[in-house]
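> Handing you this structure, nothing more for now.
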Amino acid sequence: MMRVSAAASVQPAAVPAPTGSSSRLAWLDALRGLGALAVVAEHLLPWFLPELRPYWFSLGVYGILVFFLVSGYIIPTSLERHGDVRAFWISRLFRLYPLYLAVIVLVLAVAWWVPVRGEVPRDGSAVAAHATMLLDVVSVGGVADTMWTLSYEMVFYLLVTALFLIGGHGRSGLLSMLFAAGSVVVGLVASGAVVAGAWPAYLSCAVFVVGLGCVLQGRLRTASACVLALMAVALLLLSSRVPWLGVAVLSVMFAGTAIHRWERGTGRLWPVAVTTALVAIAPLWAVEGGWWWVQADVWFTTIALAGATFAGGMALRGRRLPRVLTWLGLVSYSLYLVHHPLLKYFVEITGDLRRAERPYQLAMAALAVAVILAASALTYRYVEKPMQALGRRFARRHAGRPGAAGRPSRGLRVSGRRAGRLQGGADAGVAGQDASHDGVLGHEERQVPDGVRDHIGQGDAVR
C-alpha cells in the first residue's frame with residue numbers, strides 16, 4: 001500500500017519500455033524474495049538470536065503485506081488476460097496443492113518425534129479444512145504454522161473468479177476501500193469467530209468441492225462461482241479466527257489490483273490511499289487486538305515499510321536486479337512452506353539456543369538458513385516445477401473443450417489508444433507470470449518483547 005496525494009493519483013505512472021518478459025517480471029520475484037527473507041527472519045530470530053529481533057516493526061507482518069500486494073497486483077489481471085476460468089483454476093491447483101500436501105505428509109510422518117501443533121483438531125474437521133485451504137477462515141490450525149495465510153489467498157481467488165464472471169472485476173479500487181472500511185467496523189464489533197465448532201469446516205468443504213467442480217466443468221459456472229464467493233465472505237466475517245485481520249488482508253490484495261490498473265491507465269490511485277488509511281487504523285480499537293505488532297507505532301511503521309518496498313519494486317521494474325533476490329522469489333512458496341517445520345526439527349536437535357554463546361548462535365543460524373535454502377531449492381526442483389509443468393499440459397489439453405473459457409471481460413471498458421496500451425502493456429506484463437501466493441506469518445503471534453514466546457512454549461520447547 002502506498003501513501004500518495006490526490007494529485008498524484010490523476011495520471012498513471014510512466015511505464016518503462018519493455019526489455020523482455022523476464023526483466024519485466026523480475027521486480028515481482030525480487031519482492032517475493034524480500035518477503036520470504038523477512039518471514040524466515042521472523043521465525044528464526046526468536047529461536048536463535050532473540051536479542052537481534054526488531055520490535056519497532058514486525059518482520060512477519062511486513063512480509064505478508066508485501067506478498068499479498070504482489071498477489072493482488074498480478075492474479076486478477078492474469079485471469080483477465082487469458083479469460084479462461086478453467087485454466088486459471090487448474091494452474092492454481094497444480095501450483096499450490098502438490099507441495100502443500102507434501103509438507104502435510106512430512107509433518108504427519110514425523111509426528112512421533114515432533115508432535116503436530118495443538119491448534120490442529122484431532123477430528124475430521126482438520127481434514128476438511130486442509131482440503132480446501134480455508135483453514136483460518138474456519139478457525140482451524142494448519143499442520144504447518146504458516147499455512148494460515150493460504151486461507152486468504154483462496155478467498156481472494158474465489159472472489160476474483162466470481163467478479164470476473166459477472167463483469168465486476170474492474171472495480172478493484174472500490175472493493176479495496178469497502179474491505180478496508182469493513183475491517184474497521186468488524187474490528188469494533190467482533191472479538192473472534194461468531195460461528196464456532198467443526199461444522200463450518202465440513203460445510204465449506206462440501207460447498208467448495210461441488211462448487212469448484214461446477215466451475216471447472218462449466219456447469220452453472222457463474223452461479224457456482226457466486227455461491228463460492230458468498231460463502232468465502234461469510235466465512236471471513238463469521239468464522240475467522242481474527243475477523244478484522246482477514247478483512248484487512250482482502251483489502252490489501254484488492255489494493256494491489258488497483259495499483260496495477262492505475263499503472264496501466266485504467267484506474268485511479270486515490271482509492272489505494274484511502275485503503276491505506278483505513279487499514280492503518282483498523283486494529284487500533286479492535287476488540288480482538290492487543291498484540292505488540294498492532295500497537296500504533298509498530299503497525300504504522302510496518303505498513304509504511306511494506307508500501308515503500310512495493311513502490312521501490314515498481315520503480316525498478318524493467319531493470320536488472322540481484323539474481324539472489326529473483327531466485328528467492330522463484331522458490332519463495334517452497335521457502336514459505338518448508339522453513340517453519342524445518343526450524344522446529346533443527347531446534348529439536350540442537351536444543352534451546354536462546355542462551356547459548358553468540359558465536360554458536362550465529363553458526364547455528366547460518367547452518368539453519370543453509371538447510372532451509374537447500375531444502376527449498378530441492379522441493380522447487382522436484383515438486384513444484386514438475387507439477388506446474390503438468391498443470392500447464394493439463395490446462396492446454398482441456399482448453400478447447402466446451403465451457404473452458406469464462407465470460408468475456410466486461411470490467412475494463414476501454415477503447416482506442418488506451419485499449420491498445422492495455423493490450424500491449426498489461427497483457428505483456430503478466431505473460432508467463434505465475435505468482436507465488438506466499439502467505440507467511442505464524443498466526444498465534446501474541447508475544448511481547450519482554451517475553452518472546454513466538455513458537456516456543458513456556459517450557460522452552462518448540463511447539
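The values are calculated or read from the model by the stated rules, or taken from the named source; none is laboratory data. Please read these numbers as outputs of a predicted model, since none were measured by experiment. Here the Cβ positions follow ideal geometry from the backbone for every residue, glycine too, while neighbour counts run over all protein chains shown.
> Consider region 199-245. How many of its residues are on the phi > 0 side of the Ramachandran plot and among the small types (Gly, Ala, Ser)?
Matching residues across region 199-245 total 1.
Residues are listed down the side, and each one gets a yes or a no for (1) without any contact (Cβ under 8 Å) to a residue 24 or more places away in the chain; (2) farther than 20 Å from Pro50 by Cβ; (3) out of contact with any strand residue (DSSP E or B) (no Cβ under 6 Å at 6 or more places or on another chain):
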residue: Ala366; (1), (2), (3): yes, no, yes
residue: Ala377; (1), (2), (3): no, yes, yes
residue: Arg381; (1), (2), (3): yes, yes, yes
residue: Glu384; (1), (2), (3): no, yes, yes
residue: Ala389; (1), (2), (3): yes, yes, yes
residue: Arg392; (1), (2), (3): no, yes, yes
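> A follow-up question, please. Under 9 Å between Cβ atoms, which residue pairs at least 6 apart in sequence (or on different chains) link something in region 339-361 that is in contact (Cβ under 8 Å) with a residue 40 or more places away in the chain and outside any helix (DSSP H, G or I) with a partner that is among the small types (Gly, Ala, Ser) and surrounded by fewer than 16 Cβ atoms within 10 Å (Cβ to Cβ)?
Asp352/Ala461
> On to the next question. Determine which member of the set Ser191, Ser176, Ser224, Ser240 is within 29 Å of Arg264 (Cβ to Cβ) and either out of contact with any strand residue (DSSP E or B) (no Cβ under 6 Å at 6 or more places or on another chain) or among the hydrophobic types (A, V, I, L, M, F, W, C) (or both).
Exactly one of Ser191, Ser176, Ser224, Ser240 is within 29 Å of Arg264 (Cβ to Cβ) and either out of contact with any strand residue (DSSP E or B) (no Cβ under 6 Å at 6 or more places or on another chain) or among the hydrophobic types (A, V, I, L, M, F, W, C) (or both), namely Ser176.
> Is at least one residue of region 74-87 more than 24 Å from Gly246 (Cα to Cα) and among the hydrophobic types (A, V, I, L, M, F, W, C)?
Yes, the conditions are met somewhere in region 74-87.
> Continuing with this model, one more query. Got a sec? Which of Val347, Val324 is β-branched (Val, Ile, Thr) and touching a strand residue (DSSP E or B) at 6+ places or on another chain (Cβ under 7 Å)?
Val347
> Inside region 95-112, can you point out the residues that are touching a residue at least 60 places away in the same chain (Cβ under 8 Å), more than 17 Å from Phe156 (Cα to Cα) and not small (Gly, Ala, Ser)?
Pro98, Leu99, Tyr100, Val103, Leu106, Val107, Val110
> Output the residues belonging to region 66-90 that are closer than 20 Å to Leu25 by Cβ and hydrophobic (A, V, I, L, M, F, W, C).
Of everything in region 66-90, those that are closer than 20 Å to Leu25 by Cβ and hydrophobic (A, V, I, L, M, F, W, C) turn out to be Val66, Phe67, Phe68, Leu69, Val70, Ile74, Ile75, Leu79, Ala87, Phe88.
> Sticking with this one: Counting only residues that are under 19 Å from Gly33 (Cβ atoms) and at pLDDT below 95, give me the helices (runs of 4 or more DSSP H) lying completely in region 266-330 with at least 2 of them.
In region 266-330, 296-315, 323-330 are the helices (runs of 4 or more DSSP H) which contain 2 or more residues that are under 19 Å from Gly33 (Cβ atoms) and at pLDDT below 95.
> Among residues belonging to region 386-425 that are surrounded by 14 or more Cβ atoms within 10 Å (Cβ to Cβ) and at pLDDT 80 or above, point out the one that is nearest to the chain's Cα centre (by Cα).
Gln388
> Of the residues Arg241, Arg261, which single one is part of a helix (DSSP H, G or I) and charged (D, E, K, R)?
That would be Arg261, the only listed residue that is part of a helix (DSSP H, G or I) and charged (D, E, K, R).
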